[in-house]
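Written below as structure tokens is the structure these notes are about.
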Amino acid sequence: MRPVRRSLPLPSASSALAVGLRVLLLLSLCSRSQAVQAENVTVLEGGMAQISCRLQNYDGSIVVIQNPRRQTLFFNGTRALRDDRFQMVLFTPRLVRITLTNVSVSDEGGYFCQLYTDDTHHQVATLSVIVPPETPSIELKKEAVEGSEVELTCLSPRSKPPATLRWVRNGREIPGVISHQDNGKAVSVSNTIKILVERRDNGAAINCEASHPALGGQKRVRHYRLDVHFAPTVRIIPPQGILREGDSLSLTCSVIGNPMPRNILWSRVNDTMPDRAEQSGNILLMSRLSQSHNGTYLCQAHNNYGRAADHYTLLVYDYVSPSTSPPDFPKNRIAVHPTNPGAMVDVPSSVPYAVIGGVLALLVFTVICVLIVTIWCSVRQKGSYLTHEASGMDEHGEVQEAFLNGNDSRDGTKKEYLL
Ligand SMILES: *[C@@H]1O[C@H](CO)[C@@H](O)[C@H](O)[C@H]1NC(C)=O
Ligand SMILES: *[C@@H]1O[C@H](CO)[C@@H](O)[C@H](O)[C@H]1NC(C)=O
Ligand SMILES: *[C@@H]1O[C@H](CO)[C@@H](O)[C@H](O)[C@H]1NC(C)=O
Ligand SMILES: *[C@@H]1O[C@H](CO)[C@@H](O)[C@H](O)[C@H]1NC(C)=O
Ligand SMILES: *[C@@H]1O[C@H](CO)[C@@H](O)[C@H](O)[C@H]1NC(C)=O
């Protein structure tokens, strides 16, 4: 043996082989060594998380799973912590899996998969909890009054990662002031807008939309209607045509306002309401009118934001019996009969103006006629006087000529003649 060994020419080769063998042994040892792998988990709040520990070359060592506070949940398959939300669902030589139901944000953190061997191997599975936003809520700082600025806040109290809030009106975004507030593990998001409101904005639809990665493309939308307060506007709708004794009258008072005025008050200016006047809601009814009903009637309404009134002047005309009316009719049209002016126009006040106008026209016409006649007469008179004088006094020829030529020169002299 010894000579053989000595005869070996390459002792260095033998040592190389030994090194190689040792490397092989090490490699085989390595490949046979146990290992554990953990996977990160992301889950929706309230959902179920699966925490898996993958094993390699499991040889029956103890497997320990711990929560982020390093409390042992399971000791080689046996429950260690009293929390029924955790269940061991799988224990095979390749995979150990536990589940956690009704996950909350406080469950977030690193879960330890640990293998007790000669040297301790461990891996951490990070659990992340996603909190999708609820439908946001809307807060109004103070009530909206026409002509003022209204401050609206859209609020999403909890989401993770933070939700995106947008105000939308008629498909257009209204830019607002966004603020984030960390409350524990979730985030509170708000978006505040300020808009100037008019009464035409009352009832306008405006939405706040929350979007979030956990909702996909969907949005949680809060619908809102602007409630713009304004003082009332009152208008009496007058009856058509004229009213005569015996007719009945129904006056409607049309009121708008926000809030809608609850009471409508009918009254008569400087007088009491007639006995036969009846108010039903916003309508004033008067049957069998008489001239004692003449007067100014007021409709008034108010709310917290102001008051308004409108008036109507009632004039009751004489009763005209149907048999006598037709022959009277044409006459009334021409010479306005004071007791029957309705035959002319609805508005009685225009009758005196027409009469005055006519009389004035007549007067002007007469004055013009008188003037023309006077001028004509005086011209004729002066003409004869001038001819008469010219024949007697030749020095005045210049004057005569001036007059006959017209009004061009010597105004003073001419006036003298005319007077
Ligand atoms: C798991 O999550 C932790 C913390 O967020 C991170 O550092 C690590 O790289 C993640 N591991 C994998 C495999 O994604
Ligand atoms: C740990 O549990 C596994 C699976 O039940 C078992 O095969 C193994 O022997 C246990 N190890 C110890 C040390 O009890
Ligand atoms: C889930 O957990 C929350 C608190 O985190 C609790 O209020 C709720 O009742 C639980 N739901 C169920 C079904 O256990
Ligand atoms: C009511 O009376 C007042 C004072 O007498 C007077 O000034 C006013 O014109 C009257 N109004 C009507 C509509 O008659
Ligand atoms: C009522 O009004 C009508 C129309 O102006 C008038 O003719 C009549 O004299 C009035 N009557 C009274 C009592 O004022």
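Observations on the structure shown:
- In the stretch 309-334, residue modelled with the highest pLDDT [restricted to those that are over 55 Å from the mean Cα position of the chain (by Cα) and of a type in the set (Gly, Ala, Ser)]: Ser321
- Tally, over the stretch 256-311, of residues that are over 21 Å from Asn202 (Cα atoms), part of a strand (DSSP E or B) and away from ligand 4 (no atom under 16 Å from the Cβ): 10
- Candidates Leu81, Leu100, Leu115, filtered to the one that is farther than 30 Å from Val221 by Cβ and either within 16 Å of ligand 4 (Cβ to nearest atom) or modelled with pLDDT of 95 or more (or both): Leu100
Yes or no, residue by residue, for (1) hydrophobic (A, V, I, L, M, F, W, C); (2) within 30 Å of Asn263 (Cβ to Cβ); (3) not in a strand (DSSP E or B):
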residue	(1), (2), (3)
Lys194	no, no, no
Ile206	yes, no, no
Glu209	no, no, no
Gly217	no, no, yes
Phe230	yes, yes, no
Ser250	no, yes, no
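- From the list Gly77, Gly60, the one residue that fits, being within 12 Å of ligand 2 (Cβ to nearest atom), of a type outside the set (A, V, I, L, M) and touching a strand residue (DSSP E or B) at 6+ places or on another chain (Cβ under 6 Å), is Gly77.
- Residues that are at pLDDT 95 or above and not in a strand (DSSP E or B), drawn from the stretch 84-97: Arg85
- Residue selected from the stretch 48-88 under the condition touching a Leu at 6+ places or on another chain (Cβ under 9 Å) and of a type in the set (Gly, Ala, Ser), by the criterion farthest from Asn102 (Cα to Cα): Ser61
- In the stretch 243-260, the qualifying residues are those that are hydrophobic (A, V, I, L, M, F, W, C) and touching a helix residue (DSSP H, G or I) at 6+ places or on another chain (Cβ under 9 Å), and the one that is surrounded by the fewest Cβ atoms within 10 Å (Cβ to Cβ) is Ile256.
- If only residues of the stretch 84-97 that are within 16 Å of ligand 3 (Cβ to nearest atom) and surrounded by fewer than 17 Cβ atoms within 10 Å (Cβ to Cβ) are counted, the one that is farthest from Met48 (Cα to Cα) is Asp84.
- Search result, residues across the stretch 98-133 that are loosely packed, with under 15 Cβ neighbours inside 10 Å and assigned to a loop (DSSP other than H, G, I, E, B): Thr101, Asn102, Ser104, Thr117, Asp118, Asp119, Thr120
- If you check Glu45, Glu108 for being within 16 Å of ligand 3 (Cβ to nearest atom) and touching a Leu at 6+ places or on another chain (Cβ under 7 Å), only one passes: Glu108.
The values are calculated or read from the model by the stated rules, or taken from the named source; none is laboratory data. Source: prediction; values computed, not measured. We place every Cβ from the backbone using ideal geometry, glycine too, and count neighbours over all the protein chains shown.
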